[in-house]
Every structure is written in C-alpha cells, then in structure tokens.
C-alpha cells in the first residue's frame, strides 16, 4: 500500500489510475476522501492546521494498512494524509482500497479510516472567530474502533 503524508493536495483520479494501471484482477475500488468542514460544533471554522509526528505517522499508517491487508483480501491501495494549514473545502485524507470483491474493499477502507482517526499521530487545530483550539478524537470514533477489536 502506498502511504504518503504531505502538505500538497492530491488528485484522486490520478491516484486511482496509477493503482489500477494494467490490472485486470481488481473487481472493486473503494475510496474515501475527507474534507475540511466549515462547522464543527457551534462555530464556523476559518482554518484548520494539521500537524503530525514525522516518521511515526507514516509508520503507524503502514501498520494500520498492514493489519487491514491481513484481515481482508486486498490487492493494493493507498492512504494520503495532508498536513499544514487547510481551509474549508480542502481535501485532508484519501483512502483507497482495491480488492476482487466490494465487501472486502468497503470494510477495509472503513477499518483504515476508523483507526486513522483514533490511533495515527495527527493533531488538528481549528481556528474560529472565538480563537483556536486543538480537537481530540470524538468518542463516537473511539467507539467505532472497538468493533474492529471483537
């Protein structure tokens, strides 16, 4: 699986094309793209800053993807996560999973996102009219991860 942590934006179509080029064994391509919303709670978000622990973030993403590949019959995929200053509407994360069958691709993509949101060393700071604040993982995301431990 391709793992990238980068400041620059990504091209979803180009990433899918590169992963599927010359392949005839893929029956399903599932993608998830996370975007910066303009609201989180009661305040309008003007900017979001994403920071990461270099080296450790990539290693954790690789471990999450390896776990997914061990649980589902994946034929490839990628995770791209952006860092730096982002505005509402900007892309934050791309998860692509490839498999012969859709169920495996869907479940693996969901697994990767659930763990990425709670276990990968990324930190979000949202800036609103009231100031800036660091955002913790939501309890709902933590609960979602528990289903994968059963």
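The values are calculated or read from the model by the stated rules, or taken from the named source; none is laboratory data. Since this is a predicted model, take the numbers as computed values, not measurements. Positions of Cβ are generated from backbone atoms using ideal geometry, with glycine treated the same way; all protein chains shown enter the neighbour counts.
Where strands (runs of 3 or more DSSP E) fall entirely within the stretch 59-116, those with at least 1 residues that are within 12 Å of the chain's Cα centre (by Cα) and modelled with pLDDT of 95 or more are at 74-82, 91-99. The set of residues from the stretch 101-128 being farther than 23 Å from residue 28 by Cβ and touching a strand residue (DSSP E or B) at 6+ places or on another chain (Cβ under 8 Å) comprises 120, 121, 122, 123, 124, 125, 126, 127, 128. Residues to consider are 131, 89; find the one that is out of contact with any strand residue (DSSP E or B) (no Cβ under 9 Å at 6 or more places or on another chain) and at positive phi. Result of the check over 131, 89: 131.
Could you tell me whether the stretch 41-64 includes any residue that is in contact with a helix residue (DSSP H, G or I) (Cβ under 6 Å, 6 or more places away or on another chain), touching a residue at least 60 places away in the same chain (Cβ under 8 Å) and crowded, with 16+ Cβ neighbours inside 10 Å? No, the stretch 41-64 contains no residue that is in contact with a helix residue (DSSP H, G or I) (Cβ under 6 Å, 6 or more places away or on another chain), touching a residue at least 60 places away in the same chain (Cβ under 8 Å) and crowded, with 16+ Cβ neighbours inside 10 Å. Within this structure, residue 27 fails the test of being surrounded by fewer than 16 Cβ atoms within 10 Å (Cβ to Cβ) and free of Cβ contacts under 8 Å to residues at least 40 places away in the same chain.
Of the residues making up the stretch 70-79, those that are surrounded by fewer than 19 Cβ atoms within 10 Å (Cβ to Cβ) and either under 17 Å from residue 94 (Cβ atoms) or free of Cβ contacts under 8 Å to residues at least 24 places away in the same chain (or both) are 70, 76. The set of residues in the stretch 26-51 that are over 23 Å from residue 120 (Cβ atoms) and at pLDDT 95 or above comprises 26, 27, 28. If you go through the stretch 1-26 and pick out every residue that is out of contact with any helix residue (DSSP H, G or I) (no Cβ under 7 Å at 6 or more places or on another chain), closer than 19 Å to residue 102 by Cα and in a loop (DSSP other than H, G, I, E, B), you end up with 4.
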